[in-house]
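The values are calculated or read from the model by the stated rules, or taken from the named source; none is laboratory data. In this text the structure is predicted, and so the values were computed from the model without any measurement. All Cβ positions, glycine included, derive from the backbone under ideal geometry; neighbour counts span all protein chains shown.
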Amino acid sequence: MAEELKISPAVEELLAHRHDHYDRTEIPKRDEYYREAFEKYKDEPVIIKFARGFENTLAKKKILIEEYDILAGFHFRYTYDMAMPLKSRTDWDPKMRPVSSGDYDREIRDCINVLGERLTGKDKEELDIFKDGVYGKLYKHWESGHIIPGYERLIKKGYGGLIEEGKKALRKADGKHRKYIEAMLICNEAAAAHISRYVPAAEELLNQASSPAHKAHLTRMAESLKRIAYGPAESFYDAVQLIWLTVDMLYSENYPASFSFGRIDRYLYPYYKNDIEKGVLTREEASEIIDAFFIKFSTNLHTYQNMTIGGWDGKNGKSESNELTILFMQSARRLRFEQPLICLRYDEGMSEEEWDECIELVKTGTGFPAFFSDKNCTENVMRMGIPYEDAHEFGLIGCVEMGVPGKEYAKTEVLRINWPKVMELMLSGGKSYGSERTFPLSAGKSIEDMGSFEEFYDWYKEELIYYSRIAVDSINMLDKALVACYPTPFLSVLMEGCYEKGMDVTGGGTIYNHTGIDTCGMATAVDSLMSIKKLVFEEVKYTLNDLALALADNFEGHEELLKDIKACPKFGNEEGEPEEMMADLIRTYDEFVRKQTNPRGGRWQLGLYTVEDHSILGTGTGATPDGRKAGTAVSNGFSPVQGADKNGPTAVINSILKTDMKAATNGMVLDLKFSRDFLSSKAHTDALKAIMDTYFRRGGIEVQFNVVDRETLIDAQLHPEKHEDLVVRVSGFSALFVSLIKETQDEIINRTEYSRL
C-alpha cells in the first residue's frame, strides 16, 4: 500500500496564494514590448527584430517574488490568444488578432506574400481548399509549440556555457547564418540578464522577512539565482529553478503550448542524489521543491506540459526509475492538478513500489500516469531513422507524441484530419454540414457510381488520401513561410544544432525535423463503413441515397434505419471484420504518410490521437452512417466509439492490436474508463497489470485510464460550482471537467465505464 501523503505548511501557504497574481494588465504588455523593438530595429532583418523583441520583453517584464515563494518567477498566464502571429516581415503587427485564434485567411495571405512567385496556381488552389477545410472542420491546424527543449543540456552548461557555444559558432559563420547566431546570442544574453534581475528582488525580501522558514527559502533562492544566471546548476534546487525560469521565458517568445520536460526524473536524479548524500537536502525538502514546481504550472492556462518518468535501459537490462520517479508521482497525487501531465515509461520489470504508486495515482482520477511501452515507443522513434542512443531518450510531448529532448522539432500538432468528415463529403456531393462550403472530390465520383462495397471502400481511401495530400502540401508551404515570418531565436538556443548550423529551429536548425499528421474519428469512420457494407451492399435493405437522405435529416423520421444501424458490427468488440478494416485503413494511410517530406529536411509521421478535436471537429460534422447525430463528438483517439464497446476492456485491447502499432510514430491514445470501485481490489489491480503486460508485449503503445463514475460527471455538468476541482482524462491530456466544452463533457460521460476486466 502506498504511503499516505501530507502537504507541508510551506506548500499549504503557496496553495493559499496561487491565484493572487492573475494580472490581466500584464497580458498585453508583451505585444507592446515587441512593437517597440520592431520600430527601433526596423531596418534589421526579421530574425534580429524578434530577438530584440524578446530582449525588450525580458528587460521590462515584471519581477515578482513573494515572501512565501519556494521558487522565484511567476507566470502571468499568457493565453493562446497571446500567441505571436504568423505575419510577413513587411507588415507584422502584434496588435492584430493572432493566427491561433483562427485567422486562417491572414495566415494563408501571409504565406502567399512571403513565397510570392514560388507558388503555382495549383499551390494557391490547395491553400484555399485547406483554409476552407480548417473552417469547415475537415482539418484542425495550429502552429503548435509542442517540443522538448534541451533542459538537460541547459542545466549542465548554464546560459554562460551556451553563450560560449554561440560565440564559437559565430567565429566560424558567414553570410545569413551570422544573423541567426547573433539573434540567438542576443536572446541568450537576455535570458541570463533576466535571471540576474531576480537576485536583488530576492535579497530585498530576505532583508524584510520575519519568519525563519521564509528566510531559509529566500536565502537558498538568492544564492541559487546568483549561480544560475550564467552558471550551470550545482544542486537539485538550482536545476528546478533554472528550468522553471526558462519555461516562463519560453512563454515570452512562443505559442504557450507544451514545452515538455523529457525524462525529468533521470536527468535531475544526479543532483538529487548528490545533495542527499552531502546532507544538504532531505527527501521532504525535495518534495516541497517539486510541489512548488507543480504549483507554478497550476497558475498557467492549460497548455499540456508533459513530464516523462521511469524507463528501462534495454542495453543493460536495468530500470532507470529512481526515487524521483516516486516523488513526482506523489506530488501529482498530493496536489491533484490537471497539469503538468505525468507519463510513465512502462516495462514489465518495474518494481512493486513503483506499480503501487502508479495505482494510487490512477485512483485519484486525474488520468495520471498515462502508460507508454518503453520498448515499443523506442522502436517507433527508431523507425523515423533516429539511432538507438537518441531514440531511447524519448520523452512525451504534449499529449502522447514521442520526441528526442533538445534534438527534435517534430511539429507534432500542426495538422489533424477528420476521417468521418471525408465520408460526409462523399455522401453529400461535397457539401459541408453547417456551412455553405462545397469541397471538390478527387475523381468526380458520386454515390450513384458505386456498384459494390469494394468500390465505395476504395473511393473512401482515395478521398482520404486526396484531402490529406492537400493538407500536407499546404502545411509544407506554411512551413516555408514560418521561418521567414516568425523565427524563435530563444527556443533555438536550447536546441542542439541551431548554433552550429546558424539556423533557426523553425527552419531545420536542430538535429531531427519531422511533421505530424494526426487522425480523428477513426472508429466512427470504420463503424460507418460497416453499416454501409452490411445494410446497403450485403442485405440490400437501403440504398446509398436512402442513407444520404437520412443523414441530411439527422435521422429524424428514419428510426427503422437507425435501429438497423445500431445492430451492425462495431469496432472494439473483437468481432473481426471491423478490426481488419481498421488495420487496413491505417496501413494504407501510413504508407501514404511515410512517403511525405517537409521543407526542414525531415519526414511526416502518423499520430492516432485527437486531443479535444474529436469534440471540436465533431461540432462541424454532420450525422454519420454509424448512427451518430450531427454536431456531436466523433470517436476519441484510437478508442471505440463512445458506448459501442460491449465486451469489456480485453476485447477493446485485442481489437486495437489487430492494427500494427508501428504506424503510430507520432503517438496514439487508448482510453479506458473504470468505476472507482474497480481499483479498490488488489485482485483487480494485479489483473490490470497482467493485461497491460500482455498489451505492451503484443505491440501496444499507450493506455490511459479515467476513474470516475457517470453520476459524478452528470452532476458536475449540471452543478459545475460543486465540482470545480474535478479532473478527467480527455484524450492524451487531463483537464478540469467544468472547463471543457459541453460536447467534450458529453463525450466523456458517454464512454463505456468498466467495472470488470
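Does Glu724 satisfy the condition of being exposed (fewer than 14 other Cβ atoms within 10 Å of the Cβ), in a helix (DSSP H, G or I) and either small (Gly, Ala, Ser) or modelled with pLDDT under 90 (or both)?
So Glu724 fails the test.
So that you can scan it fast, the table gives a plain yes or no per residue for (1) closer than 30 Å to Asp69 by Cβ; (2) at pLDDT below 95; (3) crowded, with 23+ Cβ neighbours inside 10 Å; (4) out of contact with any strand residue (DSSP E or B) (no Cβ under 8 Å at 6 or more places or on another chain):
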{"position": "Glu117", "(1), (2), (3), (4)": "no, yes, no, yes"}
{"position": "Asp128", "(1), (2), (3), (4)": "no, yes, no, yes"}
{"position": "Tyr135", "(1), (2), (3), (4)": "no, yes, no, yes"}
{"position": "Leu138", "(1), (2), (3), (4)": "no, no, yes, no"}
{"position": "Lys156", "(1), (2), (3), (4)": "yes, no, no, yes"}
{"position": "Glu203", "(1), (2), (3), (4)": "yes, no, no, yes"}
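This table checks each residue for (1) outside any helix (DSSP H, G or I); (2) in contact (Cβ under 8 Å) with a residue 60 or more places away in the chain; (3) buried (at least 24 other Cβ atoms within 10 Å of the Cβ); (4) not basic (Lys, Arg).
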| site | (1), (2), (3), (4) |
| --- | --- |
| Trp459 | no, no, no, yes |
| Tyr467 | no, yes, yes, yes |
| Asp473 | no, yes, no, yes |
| Phe490 | no, yes, yes, yes |
| Ala523 | no, yes, yes, yes |
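Could you run through the stretch 729-751 and say how many residues are surrounded by fewer than 22 Cβ atoms within 10 Å (Cβ to Cβ) and of a type in the set (Ser, Thr, Tyr)?
Going through the stretch 729-751 one residue at a time, the tally reaches 1.
Quick check on the stretch 497-504. Is at least one of its residues within 24 Å of Leu617 (Cβ to Cβ), assigned to a loop (DSSP other than H, G, I, E, B) and not aromatic (Phe, Trp, Tyr)?
no
Tell me which residues, restricted to the stretch 278-290, are farther than 15 Å from Asp238 by Cα and either in contact with a Ser or Thr (Cβ under 8 Å, 6 or more places away or on another chain) or in a helix (DSSP H, G or I) (or both).
Selection gives Lys278, Arg283, Glu284.
Being crowded, with 20+ Cβ neighbours inside 10 Å, among the hydrophobic types (A, V, I, L, M, F, W, C), under 25 Å from the mean Cα position of the chain (by Cα) and closer than 30 Å to Lys646 by Cα is the filter here, so list the residues in the stretch 571-609 that pass it.
Scanning the stretch 571-609 gives Met582, Leu585, Ile586, Leu606, Leu608.
Of the residues that make up the stretch 362-378, is at least one aliphatic (A, V, I, L, M) and free of Cβ contacts under 8 Å to residues at least 60 places away in the same chain?
No, the stretch 362-378 has no match at all.
Okay, residues lined up against (1) closer than 21 Å to Glu612 by Cα; (2) in contact with a Phe, Trp or Tyr (Cβ under 6 Å, 6 or more places away or on another chain); (3) modelled with pLDDT under 95:
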| position | (1), (2), (3) |
| --- | --- |
| Gly385 | no, no, no |
| Gly398 | yes, yes, yes |
| Pro420 | yes, no, no |
| Ile447 | no, no, no |
| Met450 | no, yes, no |
| Glu462 | no, no, no |
| Ala471 | yes, yes, no |
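How many residues are surrounded by fewer than 24 Cβ atoms within 10 Å (Cβ to Cβ) and touching a helix residue (DSSP H, G or I) at 6+ places or on another chain (Cβ under 9 Å) when one looks only at the stretch 623-640?
Summing the residues that are surrounded by fewer than 24 Cβ atoms within 10 Å (Cβ to Cβ) and touching a helix residue (DSSP H, G or I) at 6+ places or on another chain (Cβ under 9 Å) in the stretch 623-640 gives 4.
I want to confirm something. Restricting to the stretch 405-464 and keeping residues that are within 31 Å of the chain's Cα centre (by Cα) and of a type in the set (Phe, Trp, Tyr), which single residue is nearest to Ile517 (Cα to Cα)?
Trp419
Taking only the stretch 105-148 into account, find how many residues are touching a residue at least 40 places away in the same chain (Cβ under 8 Å) and not in a helix (DSSP H, G or I).
14
When residues of the stretch 672-687 are filtered for being in contact with a Leu (Cβ under 9 Å, 6 or more places away or on another chain), surrounded by fewer than 22 Cβ atoms within 10 Å (Cβ to Cβ) and under 23 Å from Arg345 (Cα atoms), how many remain?
Residues in the stretch 672-687 being in contact with a Leu (Cβ under 9 Å, 6 or more places away or on another chain), surrounded by fewer than 22 Cβ atoms within 10 Å (Cβ to Cβ) and under 23 Å from Arg345 (Cα atoms): 4 in total.
Of the conditions (1) under 25 Å from Glu357 (Cβ atoms); (2) assigned to a loop (DSSP other than H, G, I, E, B); (3) basic (Lys, Arg), Lys658 fails just one. Which one is it?
(1)
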